[in-house]
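Worksheet for the structure shown next.
Bear in mind that the values in this text are calculations on the coordinates, not laboratory data. The structure displayed is predicted, hence computed values, not measured ones. Cβ placement follows ideal geometry from the backbone for every residue including glycine, while neighbour counts extend to all protein chains displayed.
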Amino acid sequence: MDRERHHSLLFKVAAIWNLLLAISFIVLPRIDIGYFSLAGDVPPPPTLLWADSFFIMVFVVGLLLFSISINPRISQGFIPVVIFEKVAVFVVGLFYFLIGEASLLVLAFVAIDLLFGILFFEHWFASRKT
C-alpha cells in the first residue's frame with residue numbers, strides 16, 4: 001500500500017472512531033443514565049451540557065478527519081489542529097485518571113486518541129519533507 005493510501009485510510013479510521021464515540025456518548029446517557037458510569041465511579045452530572053458540548057466537538061473533529069482522508073493535500077493545514085485535539089484529550093483523560101475521577105476504560109479510550117495523534121504527527125512531519 002502506498003503512503004498516500006495508507007494515510008487516507010488512517011484518517012478515515014480516525015474519523016469513524018470519533019464519529020462513533022461522539023454519537024455513542026451523546027445517545028447512551030439518554031437511553032439510560034447508568035451508562036455515564038463508564039467514565040468511572042462518579043455520580044452523573046446534574047446536566048449533560050458540558051459532556052454534550054464536548055462530544056459535539058468530537059463529532060466535528062470526526063468530520064474534519066474525514067475531509068482530510070478525502071483530500072489530504074488541501075487539508076494539510078488542519079492536521080496540527082487534529083494533532084492538538086488528540087493529544088489534549090489524552091492529557092485531560094490522564095489527569096482525571098490520576099486524580100481518581102476516570103476509570104481505566106477512559107484511560108484506554110484516550111490512549112487510542114494519543115496513538116492517533118502520534119500517527120498524525122508522523123504523517124504531518126513526513127508530508128512536510130516532500
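Compute the Rg to Rh ratio over segment 32-107 from the alpha carbon atoms, using the Kirkwood formula for Rh, and round to two decimal places. Show your work: numbers first, answer last.
On the way: Rg = 15.2 Å, Rh = 14.2 Å.
Result: Rg/Rh = 1.07.
Across segment 104-113, in residue order, what do the Karplus-derived ³J(HN,Hα) couplings come to in whole Hz, using 6.51 cos²θ - 1.76 cosθ + 1.60 with θ = phi - 60° and x for Gly and Pro?
4, 4, 4, 4, 5, 4, 6, 5, 5, 4
Roughly speaking, what is the stretch gain from residue 92 to residue 115, that is 0.36 nm per residue apart minus the C-alpha to C-alpha distance, in nm to one decimal?
On the way: separation 23, 0.36 × 23 = 8.28 nm, distance 1.49 nm.
Gain in length upon complete extension: 6.8 nm.
Could you work out the per residue convex hull volume over the alpha carbons of segment 3-129, in cubic angstrom? Before the final figure, lay out the partial values.
On the way: hull volume 12.1 nm³, N = 127.
Cα convex hull per residue, to the nearest whole number: 95 Å³.
Once you put a point 7 Å from the Cα of residue 50 and another 7 Å from the Cα of residue 2, both along the Cβ direction, what distance in nm separates them?
In this crude label model, residue 50 to residue 2 measures out at 4.7 nm.
Suppose every K and R has +1 on its Cβ and every D and E has -1 on its Cβ; what is the size of the dipole of the chain about the Cα centre, in Debye to the nearest 20?
Working: 8 positive and 9 negative charges, 115 e Å.
Computed about the Cα centre, the dipole is about 560 debye.
Would you compute, from DSSP H runs of 4+ residues alone, the mean residue ellipticity of the chain at 222 nm, taking -39500 (n - 2.57) per run and dividing by the full residue count, rounded to the nearest 500?
-26500 deg cm²/dmol
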